[in-house]
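Chemist: To start, I am sharing the structure in question, which I have written as structure tokens.
Bear in mind that the values in this text are calculations on the coordinates, not laboratory data. From a predicted model like this one, the values you see are computed outputs, not experimental measurements. All Cβ positions, glycine included, derive from the backbone under ideal geometry; neighbour counts span all protein chains shown.
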Amino acid sequence: MLIGIIVLKYNKYLGIKHNYLETNCITLIDFIYKQELSCNIFDDLWSFLSLPKGQVLDNRTWMRRFSLELLEEWASKVAIKVNLTTTKEYDVIIFKSQRMLPIHFGMYIGMNRFIHVEEGSYSRIAVLDQFWRDRIANIWRVTGINTLEPPLDT
């Protein structure tokens with residue numbers, strides 16, 4: 001029953017085709033944040049990476065600007081790191097490759113599920129099963145959003 005309510009809430013974000021230049025795993029979360037929370041926190045990420053606001057420059061090469069260290073530097077200014085056992089709705093999950101490079105983003109939606117869009121696919125809700133858990137680099141909670149933590153002072 002609860003899973004059905006969660007799916008219903010995020011239904012309008014499902015089935016969006018992946019396209020590096022328009023809809024990718026980061027821009028999907030950015031869109032949800034703007035629609036559901038009136039939050040444009042990811043605009044700061046684009047500025048931090050010196051990318052045009054919300055727009056990637058080309059297909060995959062823009063991802064070379066990412067590293068776990070760089071993402072942690074940005075995220076630590078706007079969010080707190082949380083662990084899997086305390087994950088809440090809207091927490092951003094960063095997944096890593098075997099070479100410890102950030103390769104994918106998802107957003108936790110509750111009930112051990114997250115929403116994401118993979119290359120060559122459509123946005124969907126997935127179970128945070130062992131496959132995905134083994135690839136988690138870190139999980140970030142934007143402060144002041146759906147949490148009891150106060151916003152960070154800037």
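Chemist: Non-local amide H neighbours of Thr87 (under 5 Å, H modeled in plane, Pro and chain starts lacking H): which ones?
Modeler: Amide H neighbours of Thr87, under 5 Å, 5+ apart: none.
Chemist: Turning to a different aspect of this structure: Sorted by average packing, counted as other Cβ atoms within 10 angstrom per residue and highest first, what order do 38-50, 112-124 take?
Modeler: Result, highest mean first: 112-124, 38-50.
Chemist: What are the ³J(HN,Hα) values, in whole Hz, obtained from phi via the Karplus relation 6.51 cos²θ - 1.76 cosθ + 1.60 with θ = phi - 60°, for each residue of the stretch 87-96 in sequence order, with x given for Gly and Pro?
Modeler: With the stated coefficients, the stretch 87-96 comes to 4, 10, 3, 6, 5, 9, 9, 9, 9, 10 Hz.
Chemist: Suppose each label sits 7 Å from its Cα in the direction of the beta carbon; what would the Asn19-Ser50 distance come out to in nanometres?
Modeler: Label at Asn19, label at Ser50, 2.8 nm between them.
Chemist: Moving on to the next point. I need the phi-derived Karplus couplings for the stretch 36-46: 6.51 cos²θ - 1.76 cosθ + 1.60, θ = phi - 60°, integer Hz, Gly and Pro marked x.
Modeler: Working through the residues one at a time gives 8, 10, 6, 10, 10, 4, 6, 4, 5, 5, 4 Hz.
Chemist: Under a 5 Å amide H to amide H cut-off, with H placed in plane at 1.01 Å, what residues pair with His104 once short-range neighbours are removed?
Modeler: Excluding prolines and chain starts, which carry no amide H, the hits are Phe95.
Chemist: Say the cut-off is 26 Å between C-alpha atoms; which of Lys9/Lys34; Lys9/Lys96; Lys12/Lys77; Lys9/Lys77; Lys12/Lys88; Lys12/Lys81 go over it?
Modeler: Listed pairs above 26 Å: Lys9/Lys96; Lys12/Lys77; Lys9/Lys77; Lys12/Lys81.
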